[in-house]
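Notes for the one structure printed next.
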Amino acid sequence: MQYSTKLKRAFAGIGITAVLGGSALIGISAATADQDQTVRPAVSESKPGGIQSLIQERSASDSLSAAETEVLKRSAKVGKVSNADYVEAHRNYAKCMAVEGYKPSFRESSKGYMIELPYENVDPKGVDIAMSNCSTGTQEVRGLYRLQVANPQLLTDSRVVAVKCLQNIGAVDADYSPEQFERDWNGASYPFDPMVNANNDCLYDAGYALFWED
C-alpha cells in the first residue's frame, strides 16, 4: 500500500547539519532530495572519530556560549551528552520561545529527544527569528544529543539513516533501498504510513520533517 497525503515537508536541520555549523555531515539531506530529482547512489560511510570526537571538535567552537562550552567539554570526557544536559537545554529553548511570545509544542520521539511541532496562526518570519534567537546557547547541546541517539554511527547519508530505522521497526522490507526512499520522498508517496509516530520518528531522525498540512 502506498501512502500519499497532504503533508507539510521540511528539512529538520537542527542536530544533523546545523550542529556542525552548516557542514555536510549528512551529505544527502532532505532539502537536497526535495529539490533535486537525480537519485544518487547511497553512501554507507560514517564520520571518522565517532560522537566523542565530534563533541570534542564542537566544544572548541568560538560561537558557543560559556554554558554550552562547559557542557560540551564535560560531555567530551565521557563521550556523550547526558540526558540531564539535554533536558536543561531543551527547557531553556522552550522558555525562550515563550518569552518571545510563542507557545511551543513538542512531541517526544521514541529515542527521547523532543520534536518541535509547527506553529499555527503566526507570522512565519517572526517564528524563524525567535527560533534563531532561542537556538543561541542551546542548539549545540540539543543537536548533538539528537545526533547521538538518532544516528550514533554518524552515517553521512540521511537516506541510509531513515531506511535503516524503518527497516529495524519493520515498517519497510529489507530490500527497500535508500535510492527508492529518495524517489518516494520526491513523489510524496510512501510504502509506509509516514504519520504513524514510529515511522515519523525515523524520518525526523534523519532530518526529514513531515507534518500534517492545515
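No value in this document is a laboratory result; all are computed from the given coordinates. Keep in mind the model is a prediction, meaning the values are calculated, not measured. Please note: Cβ atoms are built from the backbone with ideal geometry, for glycine as well, and neighbour counts cover all protein chains shown.
Points to keep in mind about this one:
- Neighbour counts of other Cβ atoms within 10 Å put Met131, Met195 in the fewest-to-most order Met195, Met131.
- Taken about its Cα centre, the stretch 49-149 carries a charge dipole of about 360 debye when Lys and Arg each add +1 at the Cβ and Asp and Glu each add -1 at the Cβ.
- A DSSP coil position with no more than 11 other Cβ atoms inside 10 Å describes the following GluC sites (Glu not before Pro) in the stretch 121-214: Glu213.
- Extension gain (nm, one decimal) between Glu108 and Glu70, 0.36 nm per residue minus Cα-Cα: 11.1 nm
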